[in-house]
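To start, the structure itself, in structure tokens.
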Amino acid sequence: MKNFILTASVVLSALLFSGGCVGDVKLGGGPKTEVRRPTLGQELIDLQKARDAGVITPAEFDAKRAEIMARK
């Protein structure tokens, strides 16, 4: 049990001080991430899959499809 506690503390220390997620916090100066929106075609495919699976009603499908097509 003593070896387990010692090993756990060594691993935790290594994570904290070797650039792990805890010590890798940056405020404001990090690289910018690009957010990509799906294409209109992909949105329509996903919408149809949701309708076919019963996740949305046909009326919801029609309304959302019209909204997507209006952005075209």
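Rule-based calculations on the coordinates, nothing more; no lab input. Note that this is a predicted model, so its numbers are computed, not measured. No Cβ is skipped: glycine too gets one built from the backbone with ideal geometry, and neighbour counts run over all protein chains shown.
Quick check on packing: order 35-46, 59-70 by the mean number of other C-beta atoms within 10 Å, highest mean leading.
Highest to lowest by the protection proxy: 59-70, 35-46.
Amide H to amide H, which residues 5 or more places from residue 56 or on other chains are under 5 Å from it, using H placed in the peptide plane?
51
May I ask you to list the residues of the stretch 48-72 whose amide nitrogen lies under 12 Å from a point 7 Å from Cα along the Cα→beta-carbon direction of residue 37?
68-72
Convert each backbone phi in the stretch 48-55 into a coupling constant with the Karplus relation 6.51 cos²θ - 1.76 cosθ + 1.60 (shift: θ = phi - 60°), then list the ³J(HN,Hα) values in order as whole Hz, x for Gly and Pro.
Running phi through 6.51 cos²θ - 1.76 cosθ + 1.60 with θ = phi - 60° gives 5, 4, 5, 5, 5, 7, x, 6 Hz.
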